[in-house]
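K.L.:
Got a structure for you, questions after.
The values are calculated or read from the model by the stated rules, or taken from the named source; none is laboratory data. Note that the coordinates shown come from a computational prediction; the quantities given were computed from them, not determined experimentally. Glycine gets a Cβ as well: all are built from the backbone with ideal geometry, and neighbour counts include every protein chain shown. We work out accessible area using only protein heavy atoms, side chains counted, and drop any ligands, DNA or RNA first. Shrake-Rupley method; radii C 1.70, N 1.55, O 1.52, S 1.80 Å.
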Amino acid sequence: MNEALLQTDLGGLPLTARGKVRDIYALDERQLLFVATDRISAFDHVLGSGIPDKGKILTQISRFWFEFLGDIVPNHVISSEMKDYPAVLQPFAAQLEGRSMVVKRAEMFPVECVVRGYLSGSGWKDYQKTGGVCGIKLPAGLRESERLPEPIFTPAAKNNVGHDENISFEKMVHTIGQKPAEALRELTFAVYEKASRHAASRGLILADTKFEFGLLDGEILLADEVLTPDSSRYWPAAAYSPGGAQPSFDKQYVRDYLESIRWNKQAPAPSLPDEVIVRTREKYMEAFHLITGRTSLGNTSGQQ
């Protein structure tokens, strides 16, 4: 197994942002370079260990979905092929191949568009306290992980520190305007519906997910990452049994380990033992295979 790429170094190229997972570089006034590293975060901390190939897996899952959803909404991707990249990036192919995208520089909406089709995670906790999720009233007597009567839209405001803040649709309207808010809600439902159908055909339940959109030349673009195990909750359909938590393809395996060692969730974040790293990579690869139909990360061109 390859070593994890925890941080990129692209010489003098301007680094505009270093998130928990991605490094973002400015190419010019119209283009950015997104690089998905192998960093992994849990409980709002980047851990001391990475997961080898995680960045490649997430990038190629996003790429699959961007292409698959192109008939519903345009996206910000210009290219994810090294052969198409500008000359300034070619010396860094070892860091960029398979895990990067050159994208359009869009003005990002300051909200995350969250859609929930099932009652899980923070939604389940909210329902237990209030009988609803993010102010949306739901029928009484629902069980954890139960399918909702219909998907619900629960936007969140982006915060630079800590968790994003759940907000009402009314507050979203106040933040970005009535027409953009309605357009993003409509796109979110449309993308979720098509993605859910594909997931179901691959033996997966797409329980919930979040999208980010940007605006460029008056056009709404789907941006950032899309429908990866880091931004979405996938469950194996064959094992689905409402009434409790479900096995998933997200970082729950890592979170469970961190809970087992009673980490206080304060810096410095611990490193992971080899067996947890290996098992976590396997979970990401399994999701990659089920979603895309591909078995190898080596073929980065096209989709099946």
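K.L.:
Given the conditions (1) aliphatic (A, V, I, L, M); (2) open to solvent by 20 Å² or more (accessible area, probe 1.4 Å); (3) at pLDDT 95 or above; (4) closer than 26 Å to Pro149 by Cα, report the number of the one that Leu216 does not fulfil.
P.N.:
Result: Leu216 passes all but (4).
For every residue, the table says whether it meets (1) crowded, with 19+ Cβ neighbours inside 10 Å; (2) among the polar types (S, T, N, Q); (3) modelled with pLDDT under 95; (4) not in a helix (DSSP H, G or I).
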{"residue": "Ile78", "(1), (2), (3), (4)": "no, no, no, yes"}
{"residue": "Pro91", "(1), (2), (3), (4)": "no, no, no, no"}
{"residue": "Val114", "(1), (2), (3), (4)": "yes, no, no, yes"}
{"residue": "Gly117", "(1), (2), (3), (4)": "yes, no, no, yes"}
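K.L.:
Is it the case that Arg39 is among the charged types (D, E, K, R), assigned to a loop (DSSP other than H, G, I, E, B) and in contact with a strand residue (DSSP E or B) (Cβ under 8 Å, 6 or more places away or on another chain)?
P.N.:
yes
K.L.:
May I pose another question? Pairs under 7 Å by beta carbon, first residue under 23 Å from Phe249 (Cβ atoms) in the range 260-278, partner polar (S, T, N, Q) and assigned to a loop (DSSP other than H, G, I, E, B), six or more apart or different chains?
P.N.:
Qualifying pairs under 7 Å: Ser271/Ser49; Leu272/Ser49; Ile277/Ser49.
K.L.:
Examine the range 201-209 for a residue that is acidic (Asp, Glu) and surrounded by fewer than 16 Cβ atoms within 10 Å (Cβ to Cβ), and state whether such a residue exists.
P.N.:
no
K.L.:
If you don't mind, another one. So which residues in the range 231-247 are open to solvent by less than 30 Å² (accessible area, probe 1.4 Å) and under 17 Å from Phe43 (Cα atoms), if there are any at all?
P.N.:
Ser231, Ser232
K.L.:
List pairs: first in the range 133-156 and in contact (Cβ under 8 Å) with a residue 24 or more places away in the chain and under 10 Å from Leu119 (Cβ atoms), second open to solvent by 60 Å² or more (accessible area, probe 1.4 Å) and part of a loop (DSSP other than H, G, I, E, B), Cβ under 8 Å, 6+ apart or cross-chain?
P.N.:
Glu144/Ala245; Ser145/Tyr240; Ser145/Ser241; Ser145/Ala245
K.L.:
Also: Regarding Val77, is this residue within 14 Å of Asp224 (Cα to Cα) and in contact with an Asp or Glu (Cβ under 8 Å, 6 or more places away or on another chain)?
P.N.:
Against the criterion (within 14 Å of Asp224 (Cα to Cα) and in contact with an Asp or Glu (Cβ under 8 Å, 6 or more places away or on another chain)), Val77 does not qualify.
K.L.:
So which of Asn160, Asn166 ends up being surrounded by 13 or more Cβ atoms within 10 Å (Cβ to Cβ), of a type in the set (S, T, N, Q), at pLDDT below 95 and farther than 18 Å from Trp235 by Cβ?
P.N.:
Within the list Asn160, Asn166, the selection yields Asn166.
K.L.:
Report the residue count in the range 42-57 for those that are assigned to a helix (DSSP H, G or I) and open to solvent by less than 10 Å² (accessible area, probe 1.4 Å).
P.N.:
Number of matching residues: 3.
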